[in-house]
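Worksheet for the structure shown next.
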């Protein structure tokens, strides 16, 4: 019997003791998290996807290779799960106030939600995805989920009449979210990186998509 099981007896149980799982995180969940943590630590330390191996992850996490392969048949799937575990997709906290306020809160959340370690990991995955189609597909799905919160904001304010009804919501969300990620996380434009980058992006984006008052030219 493992240390995670404990035995209890009862006067109503004439057949003797029965095993009962102790309270706490399920063993399989804890094992999965240990594996994902090991993957993230090693990518951050090595700065590379190619040098990561199932053997090394098994040794680091304490899980067997068989256990890892049962969960993720390929290294790309394992890494994608690890990246997904960093943060859930950004969500906007209510209430809605204005399109600009919603975007400010959402953009600041994107800017501050990732640690330096997590930013390094995402930069590695983006770089490696350029030559690895499976990894790139996982990374694109991650980005799409990040854009969903932005789509919700633009959709809401189009319906409320604050933004033009003819805008392409997908394009608007990509322009907003991807720009902030490219500057603040992926470090593609270091000369644009500043504490007020979210405000600057919004103030350049909104004038082109705000609804005009009736009768205005």
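Some points to look at:
- Virtual spin-label span in nm between residue 189 and residue 141, 7 Å along Cα→Cβ: 3.0 nm
- Compared with the alpha-carbon gap, the fully stretched path from residue 41 to residue 54 is longer by 3.3 nm at 0.36 nm per residue.
- Look at where the Cα atoms of segment 57-77 and of segment 129-204 average out, and the two centres are 33 Å apart.
- Share of pairwise Cα separations in segment 115-192, more than 21 Å, in percent: 37 percent
- Cα gyration tensor shape of segment 22-84, rounded if a/c is under 1.5, else prolate or oblate by comparing a/b with b/c: prolate
- Linear extension gain, residue 69 paired with residue 127, 0.36 nm per residue minus alpha-carbon span: 18.4 nm
All of the numbers you see were taken from the coordinates with simple rules; none came from a lab. All values reported here derive from a predicted model rather than from experimental measurement. Note: ideal-geometry Cβ built from the backbone for every residue, glycine included; neighbour counts use all protein chains shown.
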